[in-house]
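Heads up: the structure comes next, in structure tokens.
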Amino acid sequence: MGTVEPQVSTAGDVQQHPSMTTDAQSQVTDGFHLVIDALKLNGIDTIFGLPGIPITDFTRMAQAAGMRVISFRHEQNAGNAAAIAGFLTQKPGICLTVSAPGFLNGLTALANATTNCFPMILISGSSEREIVDLQQGDYEEMDQLAIAKPLCKAAFRVLHAEDIGVGIARAIRAAVSGRPGGVYLDLPGKLFAQTLDVEAGRKSLIKVVDPAPRQIPAQDAVQRALELLKSAKRPLIVLGKGAAYAQADADILALVERTGIPYLPMSMAKGLLPDTHEQSAAAARSYVLPEADVVMLVGARLNWLLSHGRGKTWGGKGHKDWGGQKFIQIDISPQEADSNVRIDAPLVGDIGSCVSALLAGIGASWPKPPAEWLSAVAERKNKNIAKMAETLAKNPVPMNFHSALAVVRDIIKANPDACLVNEGANALDFTRSIVDMYKPRKRLDVGTWGVMGIGMGFCVAAAVVSGQQVIAIEGDSAFGFSGMEVETICRYNLPVCVVVFNNNGIYRGTDVNPAGGPDVAPTVFVKGARYDKLMEAFGGVGVHATTPAELRSAMEEAIRSRKPTLINAVIDETAGTESGRITSLNPSAKKK
Ligand SMILES: Cc1ncc(C[n+]2csc(CCOP(=O)(O)OP(=O)(O)O)c2C)c(N)n1
Ligand SMILES: [Mg+2]
């Protein structure tokens, strides 16, 4: 981290803002500048936010101080942008909002970031403490700290300018150390205008040393894991989003290849190894989960996405029964083990350290898994891949999810550095299973909650952080949650190609009102909507595509030009299924 002396700007630096009248020779700094300086000192150069009282001047001053300030149309999208920037960079993404309603709009993203272990800091301006605490009805009055606390990893408030350095340092450490997550930082309006002697200000700032310290696993835990792995007849590795976050890509590849064990990537771990890797068992998921005898989880939690490690998915007799697997779980949090089923070999530490410790123990002569297991997996996998190839080769009219995604699959194969943002139900599930990813941290999606609304925020941040082409595959419903941010995409001229899979509604466009009245069914939208026109309204490129060939040429052109583009891809409105792949979670399905 080096020993850079903190640079502190004086209040005189605010000359860009006409309403400020500070003396250019001023030897004082203020709350505004101390927050900016503290962020910059810690290598944070981008803010995602939405201006208003009391943070408007702050956004101007941050921009004047050389920070990238990306201004959104709704705070939730700024929050989602901050969260995914955190995932991509291992530095906390910053979301900046106004008080009460702006804060609340950002809070969903903060909670989602915490659930997904994305490091972010929601910084909200707040109203006067004295008035808030006496509930005297201040402008945008709300006890934001109390409300944020249960929804994030940590929450802090700074009341005095001399504590800004500590406040930012604590927020950074809390966001990125251990299990990363969301942090709330409450900055009352009054704080920004407080002044401090420049020298005292400089000394008050903290450059955080080693914000996410390595956590080395215990040697006996490593041995226990290795022994269990060695005893396996039908081993399986499951790579989670935590493994992708860890940026230990080469070691994870080495672990998989040196053990020769088939692996399953969770959604956002796709591409950690290329999906075309011969050890990928993704196409044989429903075979390997119940058949495996030892499963090593690498940064993957046994939550609903893995059917809680039990039940029929895992070969259990009833829906809550254990399937007989033994588990090795690599996780940074010691509390994760045994959350759903017994973990026989918990390996607690950061994923990079754990994987390198395993590699050291594995050495060069690790026995490959039994050939019967590998050939059984390969047989299932090849059969399913061949079946999928047949479906993808069809060219039905109207276009369906498969024929459209056959195009997207080719486009990603030809542009493996592009980020793929993905949300929806069918639009999500089909994309995940059809579109292969080739590089780590390129697939960004709805994550642990299956939340709609991450789309455009993720697109903006992915483009800003990576500079790479971004492609979003969006259900038409999913897109609607953040659709207004196409203006943001145009405003910053970002290389984002949004493809709206337009099937006239949520899951399908075919439901009818059971009561027969004039209102359409709750899942149905305006038929034949032209989302492409929305992009054109802001100067971007809009394309209406009804065939795979039209979709292909529009996507190719978007990538060639790097212009903001929205393709309205018309999908057969009968093609989807209720809730995509998770129909069984609907209460009425449970009743049956
Ligand atoms: C914040 C939020 N609200 C509601 C939902 C419920 N939900 C799940 S998928 C979905 C939309 C599915 O429709 P669409 O995006 O058009 O995808 P399709 O299945 O039609 O391809 C909704 C509303 C959710 N997951 N998150
Ligand atoms: Mg839809």
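Each value in this text was obtained by applying a stated rule to the coordinates, not by laboratory testing. Note that the structure is predicted; figures quoted are calculated from it, not measured. Reconstructed Cβ throughout: ideal geometry from the backbone, glycine too, with neighbour counts over all protein chains shown.
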Checklist outcome for this item: Per-residue Cβ contact counts at 10 Å, fewest first, order Arg173, Arg224 as Arg224, Arg173
Checklist entry - So which aspartates and glutamates can Lys312 reach, going by Cα to Cα under 16 Å and dropping same-chain residues fewer than 8 places off? => result Glu291, Asp293, Asp321
Checklist entry - If amide H atoms are built 1.01 Å from N in the plane of the peptide, which residues on other chains or at least 5 residues away come under 5 Å of the amide H of Gly316? => result Gly311, Gly323
Next on the checklist: For the range 129-196 and the range 298-338, what is the centre-to-centre distance using only Cα atoms, to the nearest Å?
Outcome noted: 37
Next on the checklist: In Å, what Kirkwood hydrodynamic radius results for the range 280-428 from the alpha-carbon pair distances?
Outcome noted: 18.3
Item to check | Share of pairwise Cα separations in the range 345-398, more than 17 Å, in percent | outcome: 66
Next on the checklist: For the chain, give me the percentage of DSSP beta bridges that are antiparallel, rounded to the nearest 5 percent.
Outcome noted: 5
Checklist entry - Once the Cα gyration tensor of the range 12-169 is found, what semi-axes does its equivalent ellipsoid get, as square roots of 5 times the eigenvalues, in whole Å, sorted largest first? => result 24, 20, 14
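Over 18 Å between Cα atoms, which of Lys153/Lys203; Lys40/Lys149; Lys40/Lys203; Lys270/Lys439; Lys149/Lys203; Lys40/Lys241 qualify? Before the final figure, lay out each step's value.
On the way: Lys153/Lys203 28 Å; Lys40/Lys149 26 Å; Lys40/Lys203 15 Å; Lys270/Lys439 8 Å; Lys149/Lys203 29 Å; Lys40/Lys241 28 Å.
Distance filter (> 18 Å) returns Lys153/Lys203; Lys40/Lys149; Lys149/Lys203; Lys40/Lys241.
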Checklist entry - Roughly speaking, what is the centre-to-centre gap between the range 437-483 and the range 85-127 when only Cα atoms are used, to the nearest Å? => result 17
Item to check | Share of alpha-carbon pairs per 5 Å distance bin for the range 102-197, given as whole % | outcome: 3, 15, 24, 22, 19, 11, 6, 1, 0
Checklist entry - So, counting K/R as plus one and D/E as minus one, what does the shell of residues with Cβ under 15 Å around Ile44 add up to? => result +4
Next on the checklist: Explain nothing, just the number: relative contact order of the range 106-238, from Cα pairs under 8 Å at least 6 residues apart, as a whole percent.
Outcome noted: 28
Next on the checklist: If I take every Cα pair under 8 Å that is 6 or more residues apart in the chain, average their sequence separation and divide by the length, what percent do I get for the relative contact order?
Outcome noted: 11
Checklist entry - trypsin sites (Lys or Arg not before Pro), restricted to the range 363-427: which are DSSP loop and have at most 13 other Cβ atoms within 10 Å? => result Lys394
Item to check | Shape metrics for the range 144-264, restricted to C-alpha atoms - Rg then Dmax, Å | outcome: 21.6, 68
Item to check | the range 229-358: mean projected area of Cα convex hull, nm² | outcome: 6.9
Checklist entry - For Tyr492, Tyr245, what's the fewest-to-most ordering of other Cβ within 10 Å of each Cβ? => result Tyr492, Tyr245
Item to check | Ranked list, fewest to most other Cβ atoms within 10 Å of each Cβ, for Glu485, Glu536, Glu291, Glu278 | outcome: Glu278, Glu536, Glu291, Glu485
Item to check | Whole-angstrom Cα spans of the chain along principal axes, big to small | outcome: 78, 66, 47
Checklist entry - Convex hull over the Cα atoms of the range 452-554, averaged projected area in nm²? => result 7.1
